[in-house]
Amino acid sequence: MKILVCIKQVMESGSPIKIDPSGKWLQYSQSTRFEINKYDEYAIEEAIQIKENFKDTQIDVITVGPSHASDVLRRALGMGADEAIHILDEAKGYRPPAITAEWITAFVKKETYDLIFTGIMSDDEMNAQTGVMISQILDWPCATAVIKEEISNDRKKMRIEREIEGGAKDIFDITLPCVLTIQTGINTPRYPSLSKVLRAKKKTLQIIPAKTLKTAEQIPSLETIQFPEKTTRGIVLKGSSQDKAKALLNILASKTLV
Amino acid sequence: MTKKITIIADHDGKNIKPITWELFAFAKKIQAHEKADIYFFIIGENTKELAQDISIHSGCKTYAMDVLGTNNYHGQIYKKILIPFLTKNPADYILVPHTTSGMDYAPALSIALKGSCITAVEGIHNKDNVLHFVRAMFGRKIQADLSNKNLGASSPQVLTLQAGSFKPFKLDQNDIKNINIIHEAFDCLEKEMIYKGCQPSPSKGSNLAKAEVIVSGGRGIEEEENYKYIEMLADIFPRSATGASRPICDYGWAKYSQQVGATGTIISPKLYIACGISGATQHLEGIRDSQFIVAINSDPDAPIFQVADICIIEDLTDFIPIIVETAKKKRPTN
């Protein structure tokens, strides 16, 4: 069994956000910190759990991004992935998912994977498109928001549960090869182990310069980014903590809510 | 030249879902920018009456496709029906609900139809004669304007609409003379993905749906044991329940049956108190129908403050004990 997990490096949540003077993307500084997209950690963990069941499994991880994005590949290797591929793209700014999907599939077409996992979306751009696009380019079946999976003993299909509105789950049998986009809560991602981290540091990553790949043409253009207008429609309570507590209770009492 | 907008309707087999009418409002906004005809498309096992409902209340031609095995959303079948249909009946704009089903097929449509895809659109405006689609990024702390100005003339724009972004719009008429539907049945052979049933939501039967007051905790509680503050605050209200944001359910600090949001329980209490919840899109979607919202968060930029009636910038672990203490003191005099 050969699994490819597509992962992404995103800006650490809680990092201060500054907009570049061009108004087209964020401005990163020396103090900007990056981390692995949290949804992707669940995707890596799920692949590792499959490997624990099917010992002959190989897990490859792939990312698209600038040189510092290699940190997430090393983290994945530290968790237990076997090989790592870095599609190196130093371009700054917004890269629509169609481009990422096209580049990843260009690599996939040269290999023979049984499964491709992605996180359901990325924390930063929140598009939730890349995994579905990869499946369509490859003409593989795809299930999104997967919260449970189990591979059949003959390894030809898997039973999956995908989350739908209201927290119910639709159950499907899906034929391999397929693409699954993984929802949080499917497992508890492990921390990288020290021995694996040390090995990951020495591991050679396969680098593919993005320049060498064909780029999708039908893509949206990012015009501007801005801070959302502060449309606080409510009242911001002021004063000491005690003042705020009293004010809150008075308001709730006046509405007979307490 | 008149453009063509195709809306993919959302329904539960019995009723058209409100997001369909929000998509109609979205289409009307595109129509204000350029001349366009609006069509609806609906897939299901028994779509004739649903299609009539759409056609009466929109005045638009509606294509209805009966396909066995689509009583519940089925991604592979949807794609197998939609792609040939939209190839034969090309649209300039394909409007899809940003639901767990819409998200599952919309990006595939854009690839198959050689178009572009913008997901979770929340707004639209015209700038220098170019349509800008507005969507949230970076945990709703950034808003992005995207356009399709560089798209090829024959390439469709696939757009998914975030629920609650536009007021649902439908015509107030019941004249069956307006019905204009094309109803077909279709067999779809699908072997790669087979529906095996549905696992009910863990929140089914939980008290979240009935509670008058719901107090929820989010990542701001920082540690599992701090969930006690949420319970402490809920205790001062009769008929109250405790809820949680998705991340803390994922951490195992609260049960999934307590999850408030689009993929948990959609709530409509008289009072909702969000503690340490930043306000992810899917959470906001689940609390929209609350009558009164109080938000407690130490981050003044938290998006939850944009929907709250009362905003309190405080750390919940310090502030909740103060509220509880103050409430106890007040009670005898009330």
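The values are calculated or read from the model by the stated rules, or taken from the named source; none is laboratory data. Computed from a predicted model, the values in this text were never measured in an experiment. Reconstructed Cβ throughout: ideal geometry from the backbone, glycine too, with neighbour counts over all protein chains shown.
I'm trying to understand the selection: among the residues of the stretch B:53-91, which are crowded, with 20+ Cβ neighbours inside 10 Å, within 13 Å of B:Ile43 (Cα to Cα) and touching a Ser or Thr at 6+ places or on another chain (Cβ under 6 Å)? Answer for the stretch B:53-91, where residues must be crowded, with 20+ Cβ neighbours inside 10 Å, within 13 Å of B:Ile43 (Cα to Cα) and touching a Ser or Thr at 6+ places or on another chain (Cβ under 6 Å): B:Ile54, B:Thr62, B:Ala64, B:Tyr73, B:Ile77.
Residues of the stretch A:52-78 that are more than 14 Å from the chain's Cα centre (by Cα), hydrophobic (A, V, I, L, M, F, W, C) and over 15 Å from A:Leu198 (Cα atoms): A:Phe54, A:Ile59. Taking the stretch A:206-251 as the range and being of a type in the set (S, T, N, Q), under 23 Å from the mean Cα position of the chain (by Cα) and more than 7 Å from chain B (Cβ to nearest Cβ) as the test, the residues that pass are A:Gln206, A:Thr215. Screening A:Gly166, A:Gly185 for residues that are facing chain B (nearest Cβ under 8 Å), in contact (Cβ under 8 Å) with a residue 24 or more places away in the chain and either assigned to a strand (DSSP E or B) or in contact with a strand residue (DSSP E or B) (Cβ under 9 Å, 6 or more places away or on another chain) (or both) leaves exactly one candidate, A:Gly185.
Could you list, in sequence order, all residues of the stretch A:56-86 that are among the aliphatic types (A, V, I, L, M) and surrounded by fewer than 22 Cβ atoms within 10 Å (Cβ to Cβ)? A:Ala69, A:Ile85, listed by residue number. When every residue of the stretch B:161-179 is checked against the conditions, none turns out to be more than 19 Å from the chain's Cα centre (by Cα), at pLDDT 95 or above and not charged (D, E, K, R).
Residues in the stretch B:127-169 that are outside any loop (DSSP other than H, G, I, E, B), closer than 30 Å to B:His57 by Cβ and touching a helix residue (DSSP H, G or I) at 6+ places or on another chain (Cβ under 9 Å): B:Leu131, B:Ala136, B:Gln157, B:Val158, B:Leu159, B:Thr160, B:Leu161. Selection within the stretch B:203-220: residues that are part of a loop (DSSP other than H, G, I, E, B) and crowded, with 17+ Cβ neighbours inside 10 Å. The member of this set that is nearest to the other protein chains (Cβ to nearest Cβ) is B:Ser203.
Pairing residues of the stretch B:111-124 that are more than 7 Å from chain A (Cβ to nearest Cβ) with residues that are of a type in the set (Lys, Arg), at Cβ distances under 6 Å and at least 6 apart in sequence or on separate chains, gives B:Val121/B:Arg135; B:Glu122/B:Arg135; B:Ile124/B:Lys29. May I ask you to say which residue of B:Pro200, B:Pro168 is within 30 Å of B:Asp128 (Cα to Cα) and either touching a strand residue (DSSP E or B) at 6+ places or on another chain (Cβ under 8 Å) or surrounded by fewer than 19 Cβ atoms within 10 Å (Cβ to Cβ) (or both)? The match here is B:Pro168. Mind checking which residues of the stretch A:214-238 are within 23 Å of B:Val307 (Cβ to Cβ) and assigned to a loop (DSSP other than H, G, I, E, B)? Once the filter is applied, which keeps residues that are within 23 Å of B:Val307 (Cβ to Cβ) and assigned to a loop (DSSP other than H, G, I, E, B), the stretch A:214-238 yields A:Phe227, A:Pro228, A:Glu229, A:Lys230, A:Thr231, A:Thr232, A:Arg233, A:Gly234, A:Leu237, A:Lys238. Of everything in the stretch B:117-134, what is of a type in the set (S, T, N, Q) and within 22 Å of the chain's Cα centre (by Cα)? Give them in sequence order. Matches in the stretch B:117-134: B:Thr119 only. If you check A:Ile104, A:Ile62, A:Ile87 for being of a type outside the set (Lys, Arg), touching a His at 6+ places or on another chain (Cβ under 8 Å) and under 21 Å from B:Ile111 (Cβ atoms), only one passes: A:Ile62. The number of residues in the stretch B:300-334 that are assigned to a loop (DSSP other than H, G, I, E, B), more than 7 Å from chain A (Cβ to nearest Cβ) and charged (D, E, K, R) comes to 2.
Just one of the numbered conditions (1) outside any strand (DSSP E or B); (2) under 20 Å from B:Ile179 (Cβ atoms) is not true of B:Ile43: (1). For B:Leu86, are the conditions met, namely being in a strand (DSSP E or B) and either farther than 29 Å from B:Tyr195 by Cβ or of a type in the set (A, V, I, L, M, F, W, C) (or both)? No, not satisfied. Scanning the stretch A:85-98 for residues that are over 25 Å from A:Pro21 (Cα atoms) and either out of contact with any Ser or Thr (no Cβ under 8 Å at 6 or more places or on another chain) or within 14 Å of chain B (Cβ to nearest Cβ) (or both) returns a single hit, A:Ala98. Among the conditions (1) aromatic (Phe, Trp, Tyr); (2) closer than 30 Å to B:Ala144 by Cβ; (3) without any contact (Cβ under 8 Å) to a residue 40 or more places away in the chain, the only one that A:Phe117 does not satisfy is (3).
Under the condition of being of a type in the set (A, V, I, L, M, F, W, C), under 28 Å from A:Asn127 (Cα atoms) and either more than 21 Å from the chain's Cα centre (by Cα) or surrounded by fewer than 18 Cβ atoms within 10 Å (Cβ to Cβ) (or both), the residues counted in the stretch B:270-294 number 1. Look at (1) at pLDDT 95 or above; (2) assigned to a helix (DSSP H, G or I); (3) over 21 Å from B:Pro107 (Cβ atoms) and you find that A:Lys201 fails only one, number (1).
Taken as a whole, the structure leaves A:Lys201 outside the set of residues that are touching a Lys or Arg at 6+ places or on another chain (Cβ under 9 Å) and within 7 Å of another protein chain (Cβ to nearest Cβ).
Taking the listed residues A:Glu45, A:Glu125, the one that is within 14 Å of chain B (Cβ to nearest Cβ) and within 19 Å of A:Tyr191 (Cβ to Cβ) is A:Glu45, with no other qualifying. For the residues B:Asp301, B:Asp315, the requirement of being surrounded by fewer than 21 Cβ atoms within 10 Å (Cβ to Cβ), among the charged types (D, E, K, R) and within 21 Å of B:Ser165 (Cα to Cα) singles out B:Asp301. Out of everything in the stretch A:128-146 that is at the interface with chain B (Cβ under 9 Å from one of its Cβ atoms) and surrounded by fewer than 24 Cβ atoms within 10 Å (Cβ to Cβ), what residue ends up being nearest to B:Tyr256 (Cα to Cα)? Ranking the qualifying residues of the stretch A:128-146, first place goes to A:Pro141. Among the residues of the stretch A:99-130 satisfying the criterion of being outside any helix (DSSP H, G or I) and among the polar types (S, T, N, Q), which is nearest to B:Ser101 (Cα to Cα)? Step by step, filter the stretch A:99-130, then rank; the result is A:Gln129.
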